[in-house]
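As structure tokens, the structure follows; a few thoughts come after it.
None of the figures in this text is laboratory data; all of them are computed from the coordinates on show. Just so it is clear, the model here is predicted, and its values are computed rather than measured. Virtual Cβ from ideal backbone geometry, glycine too; neighbours counted across all protein chains shown.
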Amino acid sequence: MDVKDAFLHGILQEEVYMAQPSGFQSTAHPPHYVCKLQKSLYDLKQAPRAWNDRFTSFLPGLGFKASQANPSLFVQHSSKGTVVLLLYVDDVILTGSSELVSGVITGLTDKFDMKNLGQLNYFLGLQISYTTGGLFVSQTKYITELVAKVDFQDCKSCATPCLPYHRLLKNDGKPFHNPEQYIGIVGALQYLTFTRPDIAFSVNQACQFMHNPMESHVIAVKQIIRYLKGTSNFGIQFRPGPIHLQFYSDADWVGDPNDHRSTSGFVIFLGSNPISWSSKKQHTVSKSSTEAEYRALAITIAELA
């Protein structure tokens, strides 16, 4: 669902004044009089917070409770079932039994001017396909646009996102002439890791040199893009099944040749579905492979909790 003119619903807690808008000056007051705002307007720096406070304070009246793990996630439990609501600025995603969702939609539309966009198919660059076995989430359109942006439409694809056993060096070769371009492309690749755990390690390596990219680092980024071009239809399949948590973690001891720190990697499954994953360099140097493994384990347990 989409909230129409969302920021205009926000009620201001601060005192904010504005000049009388052109064409709407008060005939009962001189032109130098100002208006005291009761509600927010677009382009007002308080508007996003005022809208979010207004919407989230209304949800408990419908029986929703905020998630402790995600401030944008709200859950309604009742004897009839469960409804989950996810808020992103003025976009709302609802899931649950049809009867309960219809009731929530009625409650929301009575309070706010909203548009029902129907079944979720595209959201923030994520494409959602409905199959007989569950949901398939991918970013095919996002990848296609990224490949076109860097003019790699005619390049050959490759089988892996990075070369085996190859680690990037911070002073390897000449500095790249356009570091802003490097930062923009790597930032776009970071967003792709939401549905592509297979590039998490390669993107993590590229992110470590955004302050001073070299030409060799650009070559590594091009390898990731070529890999994505050949696997643009890859994604994550979510299937119904037993609800139990399991995880896998690992670490490469002293794997980074630049500072001798290890990289932790983990993936967490809910049933057969991956729900969280990471590839990240550890903050300190581990003195043994056992220490590196325990650090990776501790990071994973924290995420699991």
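For SER286, what residues show an amide H to amide H distance below 5 Å, using hydrogens built from the backbone and excluding near sequence neighbours?
For SER286, the qualifying residues are VAL254, SER262.
With the radius of gyration and the Kirkwood radius both derived from the Cα set of segment 160-255, what is their ratio Rg to Rh?
Answer for segment 160-255: 1.04.
If the chain between ASN116 and SER157 were fully stretched, how many nm would it gain, using 0.36 nm times the residue separation less the Cα-Cα distance?
The span from ASN116 to SER157 would gain 10.8 nm if fully extended.
Just to verify a number: FRET efficiency for ILE275 and HIS177, C-beta to C-beta distance, R0 = 51 Å, to 0.05?
Efficiency, rounded to the nearest 0.05: 0.80.
Just want the answer: with Cβ charges of +1 for Lys and Arg and -1 for Asp and Glu, which residue in LEU8, VAL267, VAL104 is farthest toward the dipole's positive end in the chain?
VAL267
For segment 85-99, in order, what is each residue's ³J(HN,Hα) by Karplus, 6.51 cos²θ - 1.76 cosθ + 1.60 with θ = phi - 60°, in whole Hz (x at glycine and Pro)?
Residue by residue, segment 85-99 yields 10, 10, 10, 10, 6, 10, 10, 10, 10, 10, 9, x, 5, 4, 5 Hz.
Find the centroid of the Cα atoms in segment 162-181 and in segment 250-305, then give the distance between the two in whole Å.
Answer, in whole Å: 23.
How many percent of the alpha carbon pairs in segment 222-276 exceed a separation of 15 Å?
Counting pairs separated by more than 15 Å, the tail of P(r) holds 67 percent.
Could you pull out every residue, at least 5 positions away or on a different chain, whose amide H is within less than 5 Å of the one on GLN20? Hs are placed 1.01 Å off N in the peptide plane, and Pro or chain starts have none.
For GLN20, whose amide H was placed from the backbone, the distant partners under 5 Å are CYS35.
Where the centroid of each part is defined by its Cα atoms, how far is segment 17-33 from segment 66-114 in Å?
Between the Cα centres of segment 17-33 and segment 66-114 lies a distance of 41 Å.
Name the long-range amide H neighbours of MET210: under 5 Å, sequence gap of 5 or more, or other chain; modelled H, no Pro or chain starts.
Excluding prolines and chain starts, which carry no amide H, there are no hits.
Please state the Cα pair-distance histogram of the chain with 10 angstrom bins from zero: what percent is in each bin?
5, 19, 24, 23, 17, 8, 3, 0
Using each residue's phi in segment 290-301, evaluate 6.51 cos²θ - 1.76 cosθ + 1.60 at θ = phi - 60° and report the 3J(HN,Hα) Karplus result to the nearest Hz, with x for Gly and Pro.
In residue order, the calculated couplings are 5, 5, 4, 5, 5, 5, 4, 5, 5, 4, 5, 4 Hz.
Treat each spin label as a single point 7 Å out from the Cα along the C-beta direction, and report the THR284 to GLU99 distance in nm.
For THR284 paired with GLU99, the spin-label model returns 5.6 nm.
Each residue of segment 278-283 in turn: what ³J(HN,Hα) in whole Hz from Karplus with 6.51, -1.76, 1.60 and θ = phi - 60°, glycine and Pro shown as x?
7, 9, 8, 6, 6, 6
Restricting attention to segment 30-68, which chymotrypsin sites (Phe, Trp or Tyr not before Pro) occupy a DSSP loop and are surrounded by at most 10 other Cβ atoms within 10 Å?
Within segment 30-68, the qualifying chymotrypsin sites (Phe, Trp or Tyr not before Pro) (loop, at most 10 other Cβ atoms within 10 Å) are TYR42.
Exposed loop GluC sites (Glu not before Pro) only (DSSP loop, at most 13 other Cβ atoms within 10 Å): please give the longest stretch of the chain free of them, not including the sites.
16-305
Summing Lys, Arg as +1 and Asp, Glu as -1, what charge do residues with Cβ under 11 Å from the Cβ of THR160 carry, THR160 excluded?
0
For the pair TYR42 and GLU303, how long in nm is the line joining their label points, each one 7 Å along Cα→Cβ?
Calculated label separation equals 3.9 nm.
How tilted is helix 140-149 with respect to the longest principal axis of the chain? Cα atoms for both, answer in degrees (0 to 90, nearest 10).
70 degrees
Relative contact order for segment 156-305: what percent, with Cα pairs under 8 Å and sequence separation of 6 or more?
Rounded, it is 22 percent for segment 156-305.
Can you tell me the convex hull volume per residue for segment 97-154, based on C-alpha atoms, in Å³ to the nearest whole number?
109 Å³
Contact order normalised by length for segment 248-305, with contacts defined as Cα pairs under 8 Å and 6 or more residues apart; what percent is it?
35 percent
For Cα pairs less than 8 Å apart in space and 6+ apart in sequence, what is the mean separation divided by the residue count of the chain, i.e. the relative contact order in percent?
For the chain, the relative contact order is 12 percent.
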